[in-house]
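J.: Dropping the structure in here first, questions after.
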Amino acid sequence: MASLAASDLLRTDHRQIEIALDRLLATVKHPCEGMVLQVGEIFAEIQRLMEPHVRKEENVFYPHLQAAFSELLAEMDEQHEYIAELTAGMDELTGMAGMGLTERQFLELIRLSMELFDAIQHHIVDEEDQLLRLADLHLSVVEQDCLAAKMRASKSAQDR
Ligand SMILES: [Fe+2]
Ligand SMILES: [Fe+2]
């Protein structure tokens, strides 16, 4: 079986993350009873996908491209930081869901969910249109294979 290039592995992760993001947006667009628990479950799924993905990027992919595309990577790092801030806010609110949210917290959960959707979706588009496109031109097949192997290793180290 032909192995996927490192940049394609990241694109594949993005497609999975987008499915979960679409579910999050669809859920908060129709606020109802039980929504908070659903948002909590979908948010946990987004985190389960995002954590190893961001680790692959920050520990393997970005460092390899740092010298060639430092400005663009600084921008990508900033976007990761903003996503991490929103994630922390979501984590706090969904963690309180069992105790019942106040009206204000409920509205804040909807706002943060929409903001998280926008931030991650925007970041994925920037990565694919800019960083991954440039990486495909810049990296050799051997480099792509080597980075892909490192990313897989970082994933299985996490699974253990
Ligand atoms: Fe990223
Ligand atoms: Fe990404």
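J.: If a residue counts only when it is without any contact (Cβ under 8 Å) to a residue 24 or more places away in the chain and surrounded by 16 or more Cβ atoms within 10 Å (Cβ to Cβ), which helices (runs of 4 or more DSSP H) contained entirely in the stretch 39-158 have at least 1 such residues?
T.: By residue number, 62-65, 70-95, 103-126.
J.: Checking Glu128 against (1) more than 18 Å from the chain's Cα centre (by Cα); (2) within 28 Å of Ile42 (Cβ to Cβ); (3) modelled with pLDDT of 95 or more, which single condition isn't satisfied?
T.: Status for Glu128: all satisfied but (1).
J.: Further question: Would a scan of the stretch 33-42 turn up a residue that is closer than 17 Å to Glu143 by Cα and in contact with a Leu (Cβ under 6 Å, 6 or more places away or on another chain)?
T.: Checking the stretch 33-42: not a single residue is closer than 17 Å to Glu143 by Cα and in contact with a Leu (Cβ under 6 Å, 6 or more places away or on another chain).
The values are calculated or read from the model by the stated rules, or taken from the named source; none is laboratory data. Computed from a predicted model, the values in this text were never measured in an experiment. With ideal geometry, Cβ positions are generated from the backbone for all residues, glycine too; neighbour counts draw on all protein chains shown.
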